[in-house]
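Accompanying notes for the structure given below.
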Amino acid sequence: MTVNAIILTGGRSRRFDGVHKPGVEVDGRSTISRILQSVRGAAADAEVWVAGPADGLTEAEQKGVRVVREEPEFAGPLAGIAAAVAAMPTETAFPTETADVTLVLAGDMPMITAGHLGELISACRATGRPVTGTDDRGKAQFLCAAWPTRLLRARLAEIGDPTDGAVKLLFAGLEPVAVAVDPEVVSDFDTAAELEVIRARLE
């Protein structure tokens, strides 16, 4: 089976002066282009869904992804995930998913590697549970996770209206599998200073 990947790009970037963070260049490529490259490296045939603007992707890259938008706009990452999952096809003859694993990725993580995403996918398939790495505070990185697609869809159905909901609601009552990862790999940026730290690591 193939893999689905959701890249979340619909935020307001308030702490980043309103600049669209996925489109920000890091080491010669936009952040979202770097994420997409890592997704393709982990699962070449992945169906990629951009939940929000696709700004920052080249014309060729945009042709290889599907773009959806949460309703209403700026309703938060949970709403973006819900919009992408609602648009994902299922097999019509049987109530089965066309992809067994769905990656859920924030659009502001330029250090994400194909290796780490591959580990998330493998662990998800092996355990049948959601899988995450941990950030520099030792907390599960909910926006760099692999989910059994059927379970993700079921959790969204249980939550109902996702507007302004916290992504951690998806994990309520579940014990995600933790995969060891260098916290730098799952670094995101909300401020210019945090972006400069990431850029400095790549020099």
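Where in the range 16-119 are there helices (runs of 4 or more DSSP H), lying wholly inside it, with at least 3 residues that are under 12 Å from residue 5 (Cα atoms)? Because the criterion is at least 3 residues that are under 12 Å from residue 5 (Cα atoms), the helices (runs of 4 or more DSSP H) in the range 16-119 that meet it are 31-42, 77-87. In the range 123-133, which residues are surrounded by fewer than 15 Cβ atoms within 10 Å (Cβ to Cβ) and not polar (S, T, N, Q)? Hits for the range 123-133 are 126, 128.
Within the range 5-12, is there a residue that is surrounded by fewer than 24 Cβ atoms within 10 Å (Cβ to Cβ), of a type outside the set (Lys, Arg) and within 22 Å of residue 193 (Cβ to Cβ)? So far as the range 5-12 goes, yes, one or more of its residues are surrounded by fewer than 24 Cβ atoms within 10 Å (Cβ to Cβ), of a type outside the set (Lys, Arg) and within 22 Å of residue 193 (Cβ to Cβ). Pairs linking a residue in the range 4-15 that is modelled with pLDDT of 95 or more and among the small types (Gly, Ala, Ser) to a residue that is part of a strand (DSSP E or B) and buried (at least 22 other Cβ atoms within 10 Å of the Cβ), with Cβ atoms under 6 Å and 6 or more positions apart or on different chains, are 5/48; 5/103.
Among the residues of the range 166-201, those that are open to solvent by less than 60 Å² (accessible area, probe 1.4 Å), farther than 17 Å from residue 107 by Cα and touching a helix residue (DSSP H, G or I) at 6+ places or on another chain (Cβ under 7 Å) comprise 170, 177, 179, 181. Here residue 57 qualifies as in contact with a Pro (Cβ under 9 Å, 6 or more places away or on another chain), under 29 Å from residue 122 (Cβ atoms), open to solvent by 10 Å² or more (accessible area, probe 1.4 Å) and among the hydrophobic types (A, V, I, L, M, F, W, C). With respect to residue 5, determine if the residue is under 27 Å from residue 170 (Cα atoms), in a strand (DSSP E or B) and in contact with a helix residue (DSSP H, G or I) (Cβ under 7 Å, 6 or more places away or on another chain). Spelling it out, residue 5 is indeed under 27 Å from residue 170 (Cα atoms), in a strand (DSSP E or B) and in contact with a helix residue (DSSP H, G or I) (Cβ under 7 Å, 6 or more places away or on another chain).
Applying a threshold of 8 Å to beta carbon distances and a minimum spacing of six or more residues, or different chains, the list of pairs starting in the range 118-143 at a residue that is closer than 20 Å to residue 169 by Cβ and ending at one that is polar (S, T, N, Q) and open to solvent by 40 Å² or more (accessible area, probe 1.4 Å) reads 140/134; 141/134. Scanning the range 164-182 for residues that are in contact (Cβ under 8 Å) with a residue 12 or more places away in the chain, part of a loop (DSSP other than H, G, I, E, B) and among the small types (Gly, Ala, Ser) yields a total of 3.
Screening the candidates 17, 45 for the property of being open to solvent by 50 Å² or more (accessible area, probe 1.4 Å), of a type outside the set (Lys, Arg) and more than 25 Å from residue 89 (Cβ to Cβ) yields one hit, 17. Selection of the range 134-163 for residues being assigned to a loop (DSSP other than H, G, I, E, B), open to solvent by 40 Å² or more (accessible area, probe 1.4 Å) and under 30 Å from residue 184 (Cβ atoms) yields 136, 137, 138, 139. Residue count for the range 191-203 under the criterion of being in a loop (DSSP other than H, G, I, E, B) and modelled with pLDDT of 90 or more: the result is 0.
The values are calculated or read from the model by the stated rules, or taken from the named source; none is laboratory data. Because the structure is predicted, anything quoted here is derived from the model rather than measured. Cβ atoms come from the backbone with ideal geometry, glycine included; neighbour counts cover every protein chain shown. These accessible areas exclude ligands, DNA and RNA; they are computed on the full protein's heavy atoms, side chains included. Shrake-Rupley method; radii C 1.70, N 1.55, O 1.52, S 1.80 Å.
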